[in-house]
Structures are given as structure tokens and as C-alpha cells.
Amino acid sequence: MAVFKFDIRSLFPQPIVKVDSSLLPHTFHGNRRQALEVTAKMSAIIDHLGQLSAIAQKLNIPITTAQKLRKSDNQIVYLMADLAELNSGRGDEVVGLLKIGMKDLYLFDELGQSRKVDNAPCILDFYVHDKRQRSGLGKKLFQTMLSEEKWEPVKCSVDRPSEKLLGFLKKHYGLEHVIPQANHFVLYDGFFEHDKANEQPHEMTRSRRMLMANRYF
Ligand code: ACO
């Protein structure tokens, strides 16, 4: 049964589209009138999937809405449709959402040293339709995002991951060993490796102070 009052097929020329603050899919070509029509439809889809994600995560307020995306500078929502289901007129049309972004974060490294990381890649919201989970759709969506953004899983910070997402990251990417943080982001061992360029030490830890002091004796 169709969830939306409009036909979404023209919005999904391919199974996965990405949408930024313009609220237009990256595949869009058209005039101003068509752009207005498409942004209205995309907004309805994003709001609906954002709502389903919030329900699945037992959140009072959705993390993803069209309005929040419109106001963001560097967030992207990936949406996935099942084109076979769509063309047959069955099923739940849009089956997944993944919102990502870049944030400046204060984080602890493996030694417990506080660092400011500019433009840290963040996984902000991730949802696959309840009836379609555990059939590999999440992996397809995540994998598409990684290759589009040229991100490595171990370099992603994850905002308040659910148990399902922790299981997903462990299963598909072997991510298991967490670097403890004071905030709600989860990072994995390897996050700081070979990437000191974007980091600024924020505050010296005792071990680092001792290391520095020892240089002079
Ligand atoms: N219970 C435990 N682990 C699960 C579950 C579940 N119900 N569903 C998926 N997983 C994990 C498991 O590791 C599973 O492997 P397994 O079946 O062999 O145990 C693996 O994910 C399956 O991988 P996919 O099929 O590729 O992933 P899926 O399509 O299920 O999508 C997702 C993963 C997005 C986490 C999905 O389960 C979902 O939408 N969950 C509900 C919403 C949610 O918790 N989202 C994350 C919120 S936190 C955030 O977004 C930062």
C-alpha cells in the first residue's frame, strides 16, 4: 500500500539518492517549478522516515526532519527505495534513511588526552524499515554512503548508537573496541590513527605532561 499521496518513482531514478539542505535529490534536473514540487515531496519523505526512526529508537523528537536538514550546513540524508517493490505497487516504498554530517568535537583519544577534532565525520541517524531489517539493506545504504563520502568506518563517530547499530558496526566492519568519551558520541580504536592533521591537543594529560617534562632531564 502506498504510504505517500504521490508517486515517488520519479524521485528515485536509482535505489539510493542523497539529499542536502536544498532538499533536492542529487539526481534532480529541472526548472524552478519542478524544484518546488520535488522539495515538497522530499520533505514529506524525510519527515516520514525521520518519524519512523524516532519511533524505532523510542525518541520523543525525531533527529531527522526536512526543516532541520534545510537549516544545516553540512548534513546529508541518504534515502533508499526498493525499486522492485515500488514498481510492483507493493510494500513500503522508501525503506531506509541515513543521516550523516561533520561536526567539530572535543574527544578523548586512546591515552585519555582531550583533542579538538574539526569536521569529524558523524553518523547521526540510521533507520531501515522494521519489516526489512536484517536483510542487508542497512549494509547497502551504509556502504553507499562510505564510498560517496570517501569515509572509513573506523573514522566515523556515532551519535548515541542503539544496540542494533552497535551490532551492525561490529558485524559488518569489525568495530568493537570503543574509546571512552565524556559525550554521547561513540568512537572506535583506530579513529585517531594516521590523522593528526585535523586535531588540536586541547588539554595536556598527566602522562603527556610527564613525557614533555622528561625531555628536559
Ligand atoms: N537486533 C540486534 N541486532 C540487529 C538487529 C536487531 N533487531 N537488526 C540489525 N541488527 C544488526 C545485527 O548485527 C545484524 O546482523 P545479524 O542479523 O547477523 O545479527 C545486522 O545489524 C544486520 O545488518 P543489515 O541487515 O545490513 O542491517 P539492517 O538493514 O537491519 O539495518 C539498522 C541496521 C539501521 C541499525 C536497523 O537495524 C534499524 O533501523 N534499527 C532500528 C533503528 C536504530 O536502532 N537505528 C540506529 C539508531 S542510532 C543512530 O542512528 C546514530
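The values are calculated or read from the model by the stated rules, or taken from the named source; none is laboratory data. Since this is a predicted model, take the numbers as computed values, not measurements. Heads up, the Cβs are rebuilt from the backbone with ideal geometry, glycines too, and the neighbour counts pull from every protein chain shown. Ligands, DNA and RNA are excluded from the accessible area calculation, which covers all protein heavy atoms including side chains. Shrake-Rupley method; radii C 1.70, N 1.55, O 1.52, S 1.80 Å.
Listing for the model above:
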quantity: Unique match (being touching a residue at least 40 places away in the same chain (Cβ under 8 Å) and either open to solvent by 70 Å² or more (accessible area, probe 1.4 Å) or over 16 Å from the mean Cα position of the chain (by Cα) (or both)) among A35, A44, A40; calculated: A44
quantity: Those residues of the range 146-156 which are free of Cβ contacts under 8 Å to residues at least 24 places away in the same chain and open to solvent by 40 Å² or more (accessible area, probe 1.4 Å), in sequence order; calculated: S147, K150, E152
quantity: Residues located in the range 124-154, provided they are in contact with a helix residue (DSSP H, G or I) (Cβ under 8 Å, 6 or more places away or on another chain) and near the ligand (Cβ under 7 Å from one of its atoms); calculated: D125, F126, Y127, V128, Q133, G138, K139
quantity: Which numbered condition Y106 misses (of (1) open to solvent by 20 Å² or more (accessible area, probe 1.4 Å); (2) without any contact (Cβ under 8 Å) to a residue 60 or more places away in the chain); calculated: (2)
quantity: Selection status of I16, open to solvent by 50 Å² or more (accessible area, probe 1.4 Å) and β-branched (V, I, T); calculated: no
quantity: Pick from the range 157-182, criterion surrounded by 16 or more Cβ atoms within 10 Å (Cβ to Cβ) and part of a strand (DSSP E or B), ranking: farthest from the ligand (Cβ to nearest atom); calculated: I179
quantity: Selection count, the range 93-129, where residues are of a type outside the set (A, V, I, L, M, F, W, C) and either over 18 Å from the mean Cα position of the chain (by Cα) or farther than 19 Å from V77 by Cβ (or both); calculated: 11
quantity: Hey, T65 under 21 Å from K5 (Cβ atoms), within 17 Å of the chain's Cα centre (by Cα) and buried (at least 16 other Cβ atoms within 10 Å of the Cβ) or not; calculated: yes
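To keep it simple, each residue is scored yes or no on (1) within 21 Å of E176 (Cα to Cα); (2) not hydroxyl-bearing (S, T, Y).
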{"residue": "V95", "(1), (2)": "no, yes"}
{"residue": "S135", "(1), (2)": "no, no"}
{"residue": "V154", "(1), (2)": "yes, yes"}
{"residue": "S157", "(1), (2)": "yes, no"}
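Conditions (1) in contact with a strand residue (DSSP E or B) (Cβ under 8 Å, 6 or more places away or on another chain); (2) away from the ligand (no atom under 16 Å from the Cβ); (3) among the aliphatic types (A, V, I, L, M), marked per residue:
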site	(1), (2), (3)
Q67	no, yes, no
V77	yes, no, yes
L86	no, yes, yes
I100	yes, no, yes
S114	yes, yes, no
C122	yes, no, no
